[in-house]
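To start, the structure itself, in structure tokens.
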Amino acid sequence: MTGVLGMSSMERIQGIPKVSVIMNCLNGAKYLREAIDSVYAQTYTDWEIVFWDNASTDNSAEIAKNYDERLRYFRGEEIVLLGKARNWAIEKARGEYIAFLDSDDIWLPDKLKKQTDLIENNLEIDFVYSNFIIFDMEYNKRTAALKGKQPEGYVFEHFLYRYPVGLLTAMIRKEAFKSIEGLFDADIKFSADYDLFMRILYKSKAAYIYETTAIYRIHSDMDSIKNIKHFADENTYIINKLKYMDENIEGRYSKAFRYCETQVEYLRGKAHMANGELKEARKHFAPYKIVNLKFFIFYISSHIPARLWFLLRPIWARGAFR
């Protein structure tokens, strides 16, 4: 039997790669070659790149087409939201495992080997994630994204409290997609990976690799920096989606969902802070200022004199989405 997310035994015999690397690109030429080269530099070699060009107008296509047949190039006729473009790319994927790399990020050479070794030897695991480096290009600063041990096994509840997954580190058993309804939600612009992964992890087990396997760039062109104000609305939408996955989920994780709702207020407050709207930010932080330390810190920060805040705002806003 075959299908969008399956393959026949005959296809496997004919040399279908084990891992499909989903790479979506919209005018990403600036960093693209370095991203693709980091896949070609992998010590694990049984992979393909499914490259989806989201109607780029720069020379991204020229760069991508300069590689061999292991990079399979596809192009959309018009620009669509990233979730929809990723879905189209996944439909072209032939591997047993799906991994993701955006056109401005980098994999370290052993990324695929470490993850395939783990998932191949643990059949109960559908989802692998790992540590990664955050590279702030403006300040030439590199820091590890995660510290200490991270949740493994059935992690859904843990991730409602704190979501540690960087898309560029995720590897997913393709069979796991069959247990959920739909892939990336095409209506979500910035957090579609959170929505998809949480739906998978409601039913599937995860494993974590402590070593860093990738480098995530922070630069001024990123949508996550330009559009922090939309994160709260998207998180509200996703939380409500998760609550309706089954009739018992909201009661089972009621405390965790309440925590998520406080985080939405946190995001709304941060968005106002990033725009220098200190009074509006204070309204979101004030109800929780004695409950949570970070709310207290931001509440106090919202009282900084306006003249000083406008000097500090560019530095603060750059890291506000983390």
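The values are calculated or read from the model by the stated rules, or taken from the named source; none is laboratory data. None of these values were measured; they are calculated from a predicted model. Every residue, glycine among them, receives a Cβ derived from its backbone with ideal geometry; neighbour counts consider all protein chains shown.
The table that follows gives values for the structure above.
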{"item": "Some residue of the range 98-119 being hydrophobic (A, V, I, L, M, F, W, C), farther than 19 Å from T45 by Cα and either surrounded by fewer than 22 Cβ atoms within 10 Å (Cβ to Cβ) or free of Cβ contacts under 8 Å to residues at least 12 places away in the same chain (or both)", "result": "no"}
{"item": "The range 155-198, subset of a type in the set (K, R) and in contact with a helix residue (DSSP H, G or I) (Cβ under 7 Å, 6 or more places away or on another chain), residue surrounded by the fewest Cβ atoms within 10 Å (Cβ to Cβ)", "result": "K189"}
{"item": "Within the range 9-24, considering residues that are of a type in the set (S, T, N, Q) and under 13 Å from E96 (Cβ atoms), the one modelled with the highest pLDDT", "result": "S20"}
{"item": "Among residues of the range 93-149, those that are within 25 Å of K174 (Cβ to Cβ), out of contact with any Cys (no Cβ under 6 Å at 6 or more places or on another chain) and of a type outside the set (D, E, K, R), counted", "result": "26"}
{"item": "Filter result for the condition that a residue is of a type in the set (D, E, K, R), assigned to a loop (DSSP other than H, G, I, E, B) and in the same structural domain as K84 (by TED's automatic domain parsing), over E181, E211", "result": "E181"}
{"item": "Some residue of the range 130-138 being in the same structural domain as I200 (by TED's automatic domain parsing), in contact with a helix residue (DSSP H, G or I) (Cβ under 6 Å, 6 or more places away or on another chain) and buried (at least 19 other Cβ atoms within 10 Å of the Cβ)", "result": "yes"}
{"item": "Number of the exception - S204 against (1) under 23 Å from L183 (Cβ atoms); (2) surrounded by fewer than 20 Cβ atoms within 10 Å (Cβ to Cβ); (3) touching a residue at least 12 places away in the same chain (Cβ under 8 Å)", "result": "(2)"}
{"item": "Every residue from the range 268-296 that is over 23 Å from T236 (Cβ atoms) and β-branched (V, I, T)", "result": "I290"}
